[in-house]
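Working notes, beginning with the structure itself.
Each value in this text was obtained by applying a stated rule to the coordinates, not by laboratory testing. The structure presented is a predicted model; accordingly, all values stated were derived computationally and were not measured. As a convention, Cβ positions derive from the backbone with ideal geometry for all residues, glycine included, and neighbour counts pool all protein chains shown.
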Amino acid sequence: MTKIWKFLNSPFTVVILGFFLSTWLGGYLTTKFQEESWARQKHFEMARQDFEWEREKKFEILRRKLDEGQRSIEDISDLINKRYMRLHGVFEAILKKDVKLIDTRWKQYMETVEEWNVKLIINQNKLKRLVSSSISSEFQNYETDNIAIKPVSIHGKFFHTHLKVSKLMKCVKKTKCSVNKTQIKETNKMLRDLDFHTDAFVDKVSNTFLERATDLENFKAIESSHNK
């Protein structure tokens, strides 16, 4: 028993025990540190993936909204162009004094007017939401409530030109009414002005909306580069 006690208390035994203890403790601490490091890395990686997924989801939602917005802008532009072309077609038929052609083209034009009126408030709100309030006002600002007001909106200009062409059409169809050169000139000028303003409006709407889409793409590119 004495020999065992002396052996356990000998410097050699202390060294051996210290060595094994330090080796075991070092291994345990190293393993524990690695496990905690892996857990932190796993947590950070999951958090990064969740962030990337959330960010991509937001961009995807925005992209879908922009795609839907682009289609809406194109639909509004097509309707503007269709109404102008059909109104101008009626004017051309008036110049030819072809009553049958006038009736045919007026019917087609009025179908477009009906579509225009049905979608007027909807398109006005779309322009406000997709582009801006000022663009929406340029499209329609309720100025047709007072016929004496000089129109500045697209809807107002269409309304006043519509009345002018309609007046000529009714005159041509009457036996005791004749259209003079001054009336033709005035109507032609209104149509040319309408053509200019509608083209400028469509370009403005398209360019403004495109800038918003481009800003989104640039922002996404910058965000992606920062997170790499």
With +1 at each Lys and Arg Cβ and -1 at each Asp and Glu Cβ, the charge dipole magnitude of the stretch 64-226 around its Cα centre, to the nearest 20 debye, comes out at 1160 debye
Label model pair Lys96, Ser134: point-to-point distance (7 angstrom along the Cα→beta-carbon line) in nm is 4.3 nm
Here the convex hull volume per residue of the stretch 140-187, taken over Cα atoms and given in Å³, is 79 Å³
Once both label points are put 7 Å beyond Cα along the C-beta direction, the Asn188-Glu68 separation in nm becomes 4.7 nm
P(r) of the stretch 64-226 over all Cα-Cα pairs, 5 Å bins starting at 0, rounded to whole percent, reads 1, 8, 16, 18, 17, 12, 9, 6, 4, 3, 2, 1, 1, 0, 0, 0
Neighbours of Met190 by Cβ distance under 13 Å: Lys/Arg at +1, Asp/Glu at -1, summed charge +4
Scoring the stretch 64-226 by relative contact order with C-alpha pairs under 8 Å, at least six apart, yields a percentage of 23 percent
Between Ile121 and Asn81, the FRET efficiency computed from the C-beta separation at R0 = 25 Å comes out, to the nearest 0.05, as 0.80
With 0.36 nm assigned to each residue of separation and the Cα-Cα distance removed, Asn146 to Asp103 gains 12.6 nm
So Lys204 and Lys173, fully extended at 0.36 nm per residue minus their Cα-Cα distance, gain in nm 7.3 nm
Scoring only Lys, Arg, Asp and Glu (+1, +1, -1, -1) among other residues with Cβ under 9 Å from the Cβ of Ser136 yields +2
For Tyr142, Tyr109, ascending order of other Cβ atoms within 10 Å (fewest first) is Tyr142, Tyr109
